[in-house]
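A short write-up of the structure that comes next.
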Amino acid sequence: MDAATVPVSLLLLVLLLSLEAGKGRRRSAGVMTSNRNHKCQEFVSAKFQNETEISLDTYLDTGMGYLPNLTESLPSLPLFPFLSDLSFPPASFRSSLSTLLFHSSSFPFPLASPISFFSLFLASPSSIPSPSLLPASLPTFLLSYLFPFSSFLAPSDQLSFCVHFKPFRLAVRIPLLSYWAEGEDNEILISYIHFEQALSVMCCRRLVHEKLSAPILLHTWHHLCLALDLEARTLLLAFDGTFVERRLTVNQTALGEDQQLQVRGGGRLVVGQDIDNEEGGFSLQQVFVGEMAHYQLFRRALSREDVEAFVECMDDIPYQPILSLNDSVMENKGVVMARISAFEVCEKGVNFLVMFPFLVTWDAASALCQKMKGALSLPQTQEENKMVFDRFQHFSKKCQSNWSALYWLGVKGNVTSSQWIREGDGEVVSWHNAIVGWDKPTKTFQCMAAGDAQFPYHWYSASCSETICTICNNTSPPRVRLRGLCATSHFDSIFYVHGYTNQNPNFEGEVSSRIVWDGDTWVMSSLQYDNAVAKMETRRVNSLPLGLHVWSIQGDKCGNEEETLLMTACGEGEYTCANGDCIEKSRLCDLTLDCADQSDELACDPVEVPRGYTAKLPPPSPTAGPLALRVVINITSIREFSLVEFRIGIDVHYAVTWYDARLAYRNLKEDYRSNKIQKPSPTWRPEMHIRDSTGSVAETFLHHDAMYVERNSEPLPDDRRRSVENAVFSGSTNKLIYEREETLTIMCYYDLRMYPFDDQECSFTLSVQDMSDKFGRFVEEGSGVRFFGRRRLLEYELFRENISIVTRNNVTNVKIQLHFENQYKYYLVNAFAPSLMMVVICLLTLGFDLHDFQDRIMVSLTSLLVLAAFFTQTSQSIPKTSYVKFIDAWYLALICEDFLVIVALVCVEVVRLREEAAGSKLMHVAPFDKLRNNFVATSKAAKMNTFLIVLFPLSLVVILVAFSLLSTL
């Protein structure tokens, strides 16, 4: 700048300052009353009606390689917005972008455009040479503002900064404004710290440092305006509708008592990178990649009304900024300048449209959009319809079809009502632009498409089986996740659909990666590491890299040359099928095919066995001491109880649970039976040995055995190193269950001395083969043993079952004891009562007439024979033992009683006959009663019979009492 131009600049400065003061007075007087809706509507109408919108590809086709006078022609350039279908900058234009310089010999202060903002696009690192090839003073990718005169930014104690910005990538620090002065790199630094998710405001040799918690979203417009009053020590900050007013905290000791807190002038200001020294000192970890609009810096502290108005896009700030994107004093390094509508910047709820130039049917198109968490595009107004067509019409050649259509519409026809129904909510479409005659759905033409260049802006019905391109409408930036790479990989794990290469959508990583279609396959590259490249082995034209695919990788830190990676747009609570479809995780491995490729039911074994795992060794204990094997034994029935063969058969279902910290589990359900481990199981399981009370191995017949995993904890944090979206559970907190159902036949030594008033005990033991109590011990789980069958058997009743843990030869055993009681009521009715009756009958013969010996002896003998028959029959149904049983003694006692009665009857008869023989020679004459009394009193046989009538019943009572007491022992 020569000396002649300085007065002109000063005059312009005075003039503009006076205009600003007039604007301020008018605004305070209430003259400025524009509102957001009206303003945004003006921008939208001005953009679409008064400007010719062309794509960047068309603009670059003019062949201009170097534009030295771009600043002079910029106001008259056609307006091209930064939309998601434009890839900036193309390789053919990279060299020219890096040489664009904006200079001026004067110091102009152009006013902001009344119809649109100027925006800057900060290119990605791939758009410029490698940082290692650049001199230290040249920024790698930024828009650099160099102020050669200290008077340009004089020392100031007031400063305001406002900007709309849309970041495309994340960095450790995302600088929005960086100012270096007098050897201090952070004289002013306004940035976003990603890991803290906070806006940072730093100034004045770092004496002021304030932070505001404010998460940001990529590919989304954010609005920031702050006012710094160093003299009043206040900060006003508005960000996306949040307003903060706070008092600055200043280190007065470091400042000095007599020093004024202010921003020093005469430094260097950079937009898009953090300047660390006079030469630059830029770092790829501190860079802004994205768009900025309405960038303004003021040498004054704006009011709260001004700050909030800017963030809400209500009014323009009525003061002239000392720096804006319009200024031609800026030196441009790798930045594309363009205009963008205020509607796109400010309007909330703007949808994101993505063209997928693949010819597919309507159903496939709808499925594709659902896979990307969107829906088929459906313009609601004529303006939207025109905007969509103009934006994507350059795909007409690739989307050329027999139906002359550009893209499917998100409607389907109801033939009965002749109405078009919107996809998703099922509402009737209130507006469409269908050609007359093709505006009604039919059985043949039940779908609707938008015309291509031959029928611009028009819609018409079409067969749903036609193949047409797809435009998906998303309410948020289309985002996908990449899984399967190691934590130190050079590649990103989050990608956004943004821009196009070879007329296929790009997937831009959130930090420094990119996935593009190279004409043959999908290629992933790192923008920071040139040698890191991955190519998808599956080569399918007209398809996205969504789903599970094998990638060949070079130059990555993970080390593997081939990896199976998963790219998915599914949410955190969803599972991605191998083809990229999304289903709820609860539907995974539910024995129902939910994925079209059936991948949700293919790998459903819940156990993950790590390398080096061996099933021969028991798992280590998660706590100090031996491994706890918790056991529960359920006896479902007693199949056999044989007294003769000394054998018992029982159906047993037992479960052993333990923890194996070596394992991991996946997709566990609440019901453990849904978490069955497939056979053959590669995991350790206890090999059970069962022995009976004799020490012999029990006979077993296996019905069923299985291993399960019981969910006892929440899944581990998601690990993107896993290519499959399994919910992974730790083996140390979720237990394994081994269930076995079998029939046991065990020997049981019965003690029948008190039969049928006996109690029997049978037992068997369980142990784990080759496992001493040093490594594992059984522990009762709950009650330990339970019986679920019928307790009453034919002869016995199970009245108690016990479990105990015993150690023998350094091996823990589970001992199960079964206690049985004889159901003696059967024998009371069928043995004791009849036999007792026989003895009573025998005793009754003592009351027969002494002269009726034949009847007396016949009845007694019959009773004895019946008793003998009872005894023989009972002996045949019970085991023969070397000892006398209770029932044997009973029969023997009764038979003896009966036998003695018979003997007594014979004795009485013998005495009676002798007496009759001796007295037959005498004849007595007397009354009958007297004669009878004399006979009774004098007959020896009668006296003996009377004695026996008393003796034998007493002896029977003694027998009954003795056996009753014995049965209770």
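Things to note:
- Number of positions in the stretch 438-451 that are part of a loop (DSSP other than H, G, I, E, B) and touching a Lys or Arg at 6+ places or on another chain (Cβ under 9 Å): 2
- Selection of the stretch 391-437 for residues being open to solvent by less than 40 Å² (accessible area, probe 1.4 Å), touching a residue at least 40 places away in the same chain (Cβ under 8 Å) and part of a strand (DSSP E or B) yields A405, L406, Y407, W408, L409, G410, G413.
- Output for the stretch 611-638, where each listed residue is in contact with a Leu (Cβ under 9 Å, 6 or more places away or on another chain) and open to solvent by 50 Å² or more (accessible area, probe 1.4 Å): P620
- Cβ-Cβ under 6 Å pairs, at least 6 apart or on other chains, the stretch 613-630 side aliphatic (A, V, I, L, M), far side surrounded by fewer than 10 Cβ atoms within 10 Å (Cβ to Cβ): none
- Single match in Y529, Y460 (criterion: of a type in the set (F, W, Y) and not assigned by the TED database to the domain that holds P357): Y529
- Per-region count, the stretch 497-547, residues open to solvent by 10 Å² or more (accessible area, probe 1.4 Å), among the small types (G, A, S) and under 26 Å from R391 (Cα atoms): 2
- Qualifying residue in the stretch 741-755 (condition: open to solvent by less than 40 Å² (accessible area, probe 1.4 Å), of a type in the set (S, T, N, Q), in contact with a strand residue (DSSP E or B) (Cβ under 8 Å, 6 or more places away or on another chain) and under 30 Å from T623 (Cα atoms)): no
- Verdict on R720 being closer than 30 Å to L565 by Cα, open to solvent by 50 Å² or more (accessible area, probe 1.4 Å) and at pLDDT below 90: yes
- Qualifying residue in the stretch 446-453 (condition: at pLDDT below 90 and not assigned by the TED database to the domain that holds H219): yes
- Odd one out for P879 among (1) at pLDDT below 90; (2) part of a helix (DSSP H, G or I); (3) surrounded by 14 or more Cβ atoms within 10 Å (Cβ to Cβ): (2)
- With respect to the conditions (1) open to solvent by 50 Å² or more (accessible area, probe 1.4 Å); (2) in a helix (DSSP H, G or I); (3) modelled with pLDDT of 90 or more, R300 falls short on a single one, namely (2).
- Restricting the stretch 370-390 to residues that are farther than 12 Å from N351 by Cβ and in a helix (DSSP H, G or I), the residue that is nearest to the chain's Cα centre (by Cα): K371
- Evaluated against (1) at pLDDT below 90; (2) touching a Ser or Thr at 6+ places or on another chain (Cβ under 9 Å), T765 falls short on exactly one condition, (1).
- Identification of strands (runs of 3 or more DSSP E) wholly contained in the stretch 666-733 with 2 or more residues that are over 30 Å from L744 (Cα atoms) yields 728-730.
- Test for G451: is it open to solvent by less than 10 Å² (accessible area, probe 1.4 Å) and out of contact with any Pro (no Cβ under 7 Å at 6 or more places or on another chain): yes
- The residue pairs whose first member lies in the stretch 572-588 and is in contact (Cβ under 8 Å) with a residue 12 or more places away in the chain and closer than 17 Å to L548 by Cα, whose second member is buried (at least 20 other Cβ atoms within 10 Å of the Cβ) and polar (S, T, N, Q), and whose beta carbons are closer than 6 Å, counting only pairs six or more residues apart or on different chains, are T576/T568; C577/S599; A578/S599; L588/N667.
- Top-ranked residue of the stretch 464-483 - restricted to ones that are crowded, with 22+ Cβ neighbours inside 10 Å and under 24 Å from the mean Cα position of the chain (by Cα), ranked as farthest from A449 (Cα to Cα): L482
- Conditions (1) closer than 26 Å to E801 by Cβ; (2) outside any loop (DSSP other than H, G, I, E, B): number failed by E645: (2)
- Within the stretch 203-227, being touching a Pro at 6+ places or on another chain (Cβ under 9 Å) and assigned to a loop (DSSP other than H, G, I, E, B) holds for I216, L217, L218, H219, T220.
- The set of residues from the stretch 554-568 being out of contact with any Cys (no Cβ under 6 Å at 6 or more places or on another chain) and either open to solvent by 10 Å² or more (accessible area, probe 1.4 Å) or at pLDDT below 90 (or both) comprises Q554, G555, D556, K557, G559, N560, E561, E562, E563, T564.
- Taking strands (runs of 3 or more DSSP E) as the structural unit, those lying wholly within the stretch 743-860 and holding at least 3 residues that are charged (D, E, K, R) correspond to 776-787, 796-808.
- Verdict on L843 being in contact with a helix residue (DSSP H, G or I) (Cβ under 6 Å, 6 or more places away or on another chain) and either aliphatic (A, V, I, L, M) or within 30 Å of M771 (Cβ to Cβ) (or both): yes
- Positions within the stretch 177-192 being of a type outside the set (A, V, I, L, M, F, W, C) and assigned to a strand (DSSP E or B), in sequence order: S178, Y179, E184, D185, N186, E187, S191, Y192
- Residue satisfying all of: in the stretch 691-717; touching a residue at least 24 places away in the same chain (Cβ under 8 Å), farther than 17 Å from E670 by Cβ and open to solvent by less than 60 Å² (accessible area, probe 1.4 Å); farthest from the chain's Cα centre (by Cα) among these: T694
- P357 vs. criteria outside the structural domain of E308 (by the TED database), part of a strand (DSSP E or B) and under 21 Å from E466 (Cβ atoms): yes
- Qualifying residue in the stretch 360-379 (condition: touching a residue at least 12 places away in the same chain (Cβ under 8 Å), surrounded by fewer than 22 Cβ atoms within 10 Å (Cβ to Cβ) and basic (K, R)): yes
The values are calculated or read from the model by the stated rules, or taken from the named source; none is laboratory data. The structure presented is a predicted model; accordingly, all values stated were derived computationally and were not measured. With ideal geometry, Cβ positions are generated from the backbone for all residues, glycine too; neighbour counts draw on all protein chains shown. Quick note on the areas: whole protein, heavy atoms, side chains included, nothing else; ligands and nucleic acids left out. Shrake-Rupley method; radii C 1.70, N 1.55, O 1.52, S 1.80 Å.
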